[in-house]
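J.: I'd like to ask some things about the structure below.
A short reminder: the numbers here are calculations on the coordinates, not readings from a lab. On a predicted model such as this, the values are computed, not experimentally measured, just so you know. With ideal geometry, Cβ positions are generated from the backbone for all residues, glycine too; neighbour counts draw on all protein chains shown.
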Amino acid sequence: MDDIDSKMFYSGGYFLIRANHPGWEQLRSALIPAKLISLSSCICPMFNVNWGWVTGDKQSALDFGIAEEAIDEFLDWCAEDYKQTVDIWSMFYTPDNARQFINRFKVDIDQLYIIGVGLPQAFEKVTGKNHVMMSTA
């Protein structure tokens, strides 16, 4: 297998995902592993900063693996401090930001993955001065 040159991609950020298998009949096969990793939230639980917002979901944070003894600190962090390391879509800016989050909030690491997402530079189209859009063509 050829090595992939990461300089050929734009970083799309990093996500915390817990491997899972939703148990769907169409995914039951000897060819499909017992645990899947996917950015699809209907397949794998993914960290979401909005769990700590005013209308958030504290139980989802606990279910994801944030330690109960760290939950109050997590809720405070979600109010404003998250903006230093995570964007509004729960994308960590660096893998180290994700690791620090895991350590700070004592997140259960069983089946937990930091997934990096990249966009190939080959998909870039320049549409004018300082305007870039991505294309799949």
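J.: For the chain, what does -39500 (n - 2.57) per DSSP helix run (n ≥ 4), summed and divided by total residues, give at 222 nm, in deg cm²/dmol to the nearest 500?
T.: On the way: 3 runs with 26 residues, N = 137.
The per-residue figure over the chain is -5500 deg cm²/dmol.
J.: Between 73, 25, 124, find the one with the highest GNM mean-square fluctuation for the chain; connect C-alpha pairs within less than 10 Å.
T.: Result: 25 has the largest fluctuation of those listed.
J.: While we're here: Select from 16, 75, 36 the residue whose mean-square fluctuation is largest in a Gaussian network model of the chain (Cα-Cα springs shorter than 10 Å).
T.: 36
J.: Can you list which of the chymotrypsin sites (Phe, Trp or Tyr not before Pro) found in region 1-48 are DSSP loop residues with at most 15 other C-beta atoms within 10 Å?
T.: Working: sites: 9, 10, 14, 15, 24, 47; in loops: 24, 47.
Hits after loop and neighbour filter: 24.
J.: For a quick check: with amide H placed at 1.01 Å from N, whose amide H comes under 5 Å from residue 105's, ignoring anything fewer than 5 positions away on the same chain?
T.: Placed amide hydrogens put nothing under 5 Å from residue 105.
J.: Is the shape of region 77-118 rounded, prolate or oblate, going by the alpha carbon gyration tensor and its root eigenvalues a ≥ b ≥ c, with a/c under 1.5 for rounded and a/b larger than b/c for prolate? Let's see the in-between values first.
T.: Values: a/c = 2.02, a/b = 1.17, b/c = 1.72.
Judged from the Cα gyration tensor, region 77-118 comes out oblate (a/c at least 1.5, b/c at or above a/b).
J.: What label, among (1) 1.03; (2) 1.40; (3) 1.01, belongs to Rg/Rh (Cα atoms, Kirkwood Rh) computed from the structure on display?
T.: (1)
J.: Across the chain, how many lysine pairs separated by 8 or more positions, or lying on different chains, have Cα atoms within less than 30 Å?
T.: Lysine pairs, 8 or more places apart or on different chains, close enough: 10.
J.: Continuing with this model, one more query. Radius of gyration and Dmax for region 1-77's Cα atoms, expressed in Å?
T.: Final numbers for Rg and Dmax: 16.5, 47 Å.
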